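Here the structure is laid out as C-alpha cells; the discussion comes afterwards.
The values are calculated or read from the model by the stated rules, or taken from the named source; none is laboratory data. All figures in this text were calculated on a predicted structure; none of them were measured in a lab. Counting neighbours? That spans all protein chains shown, and the Cβs are built from the backbone with ideal geometry, glycine included.
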Amino acid sequence: MQTQHEKAEKTLLAIKEFKRYLEGVEGELGRMSKKFSNKEIAQGVGFAVTGIHEALTYLGIVKKVVEKTERIVAKKNIVSGNEAGALVDSLPDGRTSVSGKP
C-alpha cells in the first residue's frame, strides 16, 4: 500500500510529465496555425492553443495545491508525533501511563 507521501510524489511526477506533453502540443499547434492559409482552420488551431494554455495554468494551480497539502500533512505528522511522545510517561518499573496535557 502506498503512503500519502508516495501518492503525492507520483501525482507531482504525472503533473510534470503532462505539463511537458501539453507544452509540446501547444508549440506544435502554434507552428501549425501559421502554415494554414484557411482562416477558419488557423482560427480553430488558435482556439486549441488557447485551451491548452489555460489547462497549463490550471495544472500549475493543482501542482501548488498538492505541494502545499503535502507540506501541511508532513508538518502535522511531526507535531502529532511530538505531542504523542509528550503524553506518555515512563514509570520506574518500565510500564507507561498517559499523562494529562503538559
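Consider only pairs whose beta carbons are under 6 Å apart and that are at least six residues apart or on different chains; among these, list those whose first residue lies in the stretch 31-56 and is farther than 16 Å from residue 18 by Cα and whose second residue is surrounded by 11 or more Cβ atoms within 10 Å (Cβ to Cβ) and among the hydroxyl-bearing types (Ser, Thr, Tyr). Every condition considered, the pairs that remain are 42/33; 45/33; 46/33.
Select from the stretch 23-78 the residues that are among the aromatic types (Phe, Trp, Tyr) and assigned to a helix (DSSP H, G or I) and write down the one among them that is surrounded by the fewest Cβ atoms within 10 Å (Cβ to Cβ). It would help to see each step written out before you state the result.
At the first step, the residues of the stretch 23-78 found to be among the aromatic types (Phe, Trp, Tyr) are 36, 47, 58.
Then drop every residue that is not assigned to a helix (DSSP H, G or I), which leaves 47, 58.
Details: 47: 11, 58: 9.
Here the residue is 58.
Screening residue 89 with (1) part of a helix (DSSP H, G or I); (2) at pLDDT below 90; (3) surrounded by 10 or more Cβ atoms within 10 Å (Cβ to Cβ) gives one miss only, at (1).
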